[in-house]
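The values are calculated or read from the model by the stated rules, or taken from the named source; none is laboratory data. The model shown is predicted, which means the values in this text are computed figures rather than measured ones. Cβ coordinates were reconstructed from backbone atoms using ideal geometry, including for glycine residues, and neighbour counts include every protein chain displayed. Calculation scope for accessible area: heavy atoms of the full protein, side chains included, ligands and nucleic acids excluded. Shrake-Rupley method; radii C 1.70, N 1.55, O 1.52, S 1.80 Å.
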Amino acid sequence: MNWINDAVFYNIYPLGFCDAPKKNDGVLTYRLDKIYDWIEHFKELGVNGIVFNPVFESSKHGYDTIDYYKIDCRLGDNESFKKICDTLHKNGIKVLLDGVFNHVGRDFFAFKDIQENSMSSIYCNWFHNIRFDRQSPKGDNFSYEGWAGHYDLVKLNLQNETVCNHLLDAVKFWIDEFDIDGLRLDAADCVDLEFFKKLRHTCKSRKEDFWLYGEITNGDYNRWANDQALDSVTNYETYKALYSCHNDRNYFEFAHSMDRQCGDYGIYKNLYLYNFVDNHDVNRLASNLNDKGLLKNTYTLLFTMPGAPSIYYGSEFGIEGKRTPHCDYDLRPCINLGEIENPDMKLFEHIKKLSKIKHSCDALKHGKYKNENIQLEHLCYSMKSENQTVFVLLNQSNEVRNIGFDSGFHGILTDVLNNNKQYQCNGYVNINVEPKTSMILVANDGNFTIDFSEKADVKPIEKPVQKVVETELLEEEITLGKYRHFKGNEYEVVGFAKDSETAEKMVIYKALYGEQELWVRPYNMFKEIIERDGKKLRRFTKIN
């Protein structure tokens, strides 16, 4: 999978990024169209992949899904998001979505059916530990398992084939209709591994280079990332090391983590991990670092270590944000370009350079990590591929440090991070590194340089006019194909007929699961718009 080795990701939490209402108000508003204003920014940063946290219809924060087949109306609709995906693709930017398949919200159709029909609901086996001999903490006449004790998040039963098919068909829909390139799998450590095997087969059979990575906070990454399940996981081990090695003035912490992961005997040396310094669940890097003068060094580590670097939206400007025991909203703010208070433009320029270097150096994309010189406040490591060797030097002290290392090389070392300055090298070399700075030295014959003046090519963007409209559904003609009933069951329209007495047009359809019975319903009733809980929706919605 060649594209992932060249990937620089940008991670966005859309509901916060777009300043959407905290609760779904049912009003269709094209807030996510603001992404068009950011495409030039992405290109300038060297970003070639966007990870969108939840975009599916939800009740509040995105992780309480209502409908896996629909864009949250607070962000836009399926048609507007399809245009966004198409524009990003035209600009060389891949699109990854957040797959929240461990749990759903209480407004999910199958859960609401249990609320309405109790133990006679056909969806009782869609969720974990449904019991009718006790009440839930939410006052339902049954109990259920909430993810991590959160009863707004109802845990799905992924050992139920019908549930799996509902989710896998949704993934097929987003690949086929929107050409998405990958998925982040939320709460992956709680998801049945057999489901991930089915997911892998579904995705890879449709798109061979589709990338799957799971949110894993601890444990053996190989359990989830292997040739049978996911491609990768979130690298929380080095997430901590990246900032705490600076707070503790101890580069041994980072070097040990890297040697453990990808050294000669590294347990993850065959994995290409998803690396990050912050995201929508943890404090911003600028809030974690005791010394903000070390922000640039931290990003140097992020972009030169093995794996795919990810920038959390706004952190390229050094913005701060901390989570509280009861609220994550400060981690997920609305940000508009040109309106950021006191942006750290030196950090922004540094990350631009790092991204260009990552794209330009084979050793940083395919190389093997090796510690060369480790001290508390300075570090040197190499990245070596078949075609190239790169040495990364860092000094987090308040004084100039002389760092020596055996390069095993005779020629020129070009510091591509600092004006392509060249150093003669004859094996062992000593180089002075300025306080709180880093260097990226490329071994070469004296002709290797990186030009940072080259402007990113941004395709002409047809930006839609943002609108705020009430959701309006129009009746659609019914054709042969698969449909989903508003309660969740799925059917296939196989033909049409006329009533022998009245000549009324009828729809003939069969259930896709279970005994696959044949049904007949008046055509006008099949296509009608109904109202439930104050919302208008189609009785049957076409799903392919």
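Take the range 166-236, drop everything but the C-alpha atoms, weight them equally and run the Debye formula without solvent; then report log10 I(q)/I(0) at 0.22, 0.24 Å⁻¹ to two decimals.
-0.92, -1.07
Given 0.36 nm per residue, what is the gain on full extension from S453 to F486 after removing their alpha carbon distance, in nm?
Once the chain is fully extended between S453 and F486, it gains 6.4 nm.
For the range 234-242, just list the computed ³J(HN,Hα) in residue order, Karplus coefficients 6.51, -1.76 and 1.60, θ = phi - 60°, integers in Hz, with x standing in for Gly and Pro.
6, 8, 5, 4, 7, 3, 5, 4, 4
When Rg is the radius of gyration of the Cα atoms in the range 91-236 and Rh is its Kirkwood radius, what does Rg/Rh come to? The partial results should precede the final answer.
Values: Rg = 16.4 Å, Rh = 16.3 Å.
Ratio of gyration radius to Kirkwood radius: 1.01.
In nm, to one decimal, how far is the modelled label at N290 from the one at T324, with both set 7 Å along Cα→Cβ?
That separation, rounded to one decimal, is 2.6 nm.
In whole Hz, what ³J(HN,Hα) sequence does the range 107-112 give by Karplus (6.51, -1.76, 1.60; θ = phi - 60°), x for Gly and Pro?
Per residue, the Karplus-derived 3J(HN,Hα) values read 8, 5, 4, 5, 5, 5 Hz.
Need one value: the accessible area of M506 in square angstrom, 1.4 angstrom probe, rounded to the nearest 10.
30
What accessible area, in Å² to the nearest ten, does a 1.4 Å probe give for Y30?
20
To the nearest 10 degrees, how steep is helix 193-206 against the longest Cα principal axis of the chain, on a 0 to 90 scale?
Value to nearest ten degrees: 90.
From Cα coordinates alone, what are the radius of gyration and Dmax values for the chain in angstrom?
For the chain, the Cα radius of gyration and maximum Cα-Cα distance read 26.2, 97 Å.
Each residue of the range 298-314 in order: what ³J(HN,Hα) in whole Hz does its phi give by Karplus 6.51 cos²θ - 1.76 cosθ + 1.60, θ = phi - 60°, with x for Gly and Pro?
Using θ = phi - 60°, the values come out as 5, 5, 4, 4, 4, 8, 10, 6, x, x, 9, x, 10, 9, 7, 3, x Hz.
Counting only heavy atoms of the protein chains, get the accessible area per residue of the chain (1.4 Å probe) and round it to a whole Å² value.
Working: 23790 Å² over 544 residues.
That works out to 44 Å² per residue.
Would you list E501, E145, E349 from the most to the least accessible area, probe 1.4 Å? Display every interim value, and only then the final one.
Working: E501 160, E145 60, E349 85 Å².
Ranked from most to least accessible, the order is E501, E349, E145.
Could you rank T87, T217 by how accessible they are, 1.4 Å probe, largest area first? Provide the component values of the computation, followed by the final result.
Details: T87 25, T217 70 Å².
So, going from the largest accessible area down, we get T217, T87.
Residues with amide H under 5 Å of E377's amide H, sequence separation 5 or more or different chain, H placed in the peptide plane at 1.01 Å from N; which?
Y251
What figure in square angstrom, to the nearest 10, would you give for the accessible area of E517 with a 1.4 Å probe?
It works out to around 100 Å².
Go ahead and estimate [θ] at 222 nm for the chain from helices alone: -39,500 (n - 2.57) per DSSP H run with n ≥ 4, summed, over the residue count, rounded to 500.
That calculation yields -7000 deg cm²/dmol at 222 nm.
Using modelled backbone amide H atoms (1.01 Å from N, in-plane), which distant-in-sequence or interchain residues come within less than 5 Å of V233's amide H?
Result for V233 returns G214, Y274.
Near the amide H of V55, under 5 Å away, which other amide H atoms are found, from residues 5 or more places off or on another chain, if H is placed in the peptide plane?
Sorted by chain and number, the residues that satisfy this are D98.
To the nearest 10 degrees, how steep is helix 251-262 against the longest Cα principal axis of the chain, on a 0 to 90 scale?
With rounding to tens, the tilt is 60 degrees.
Taking R0 as 25 Å, what's the FRET efficiency between Y523 and E79 from their Cβ-Cβ distance, rounded to 0.05? The partial results should precede the final answer.
Numbers: r = 25 Å, r/R0 = 1.01.
So, using R0 = 25 Å, E works out to roughly 0.50.
Using Cα centres only, tell me the gap between the range 13-31 and the range 322-393 in whole Å.
One Cα centre to the other: 30 Å.
Probe radius 1.4 Å, ligands and nucleic acids left out: which of H103, H350, H128 has the largest accessible area, and how do the rest follow?
H128, H350, H103
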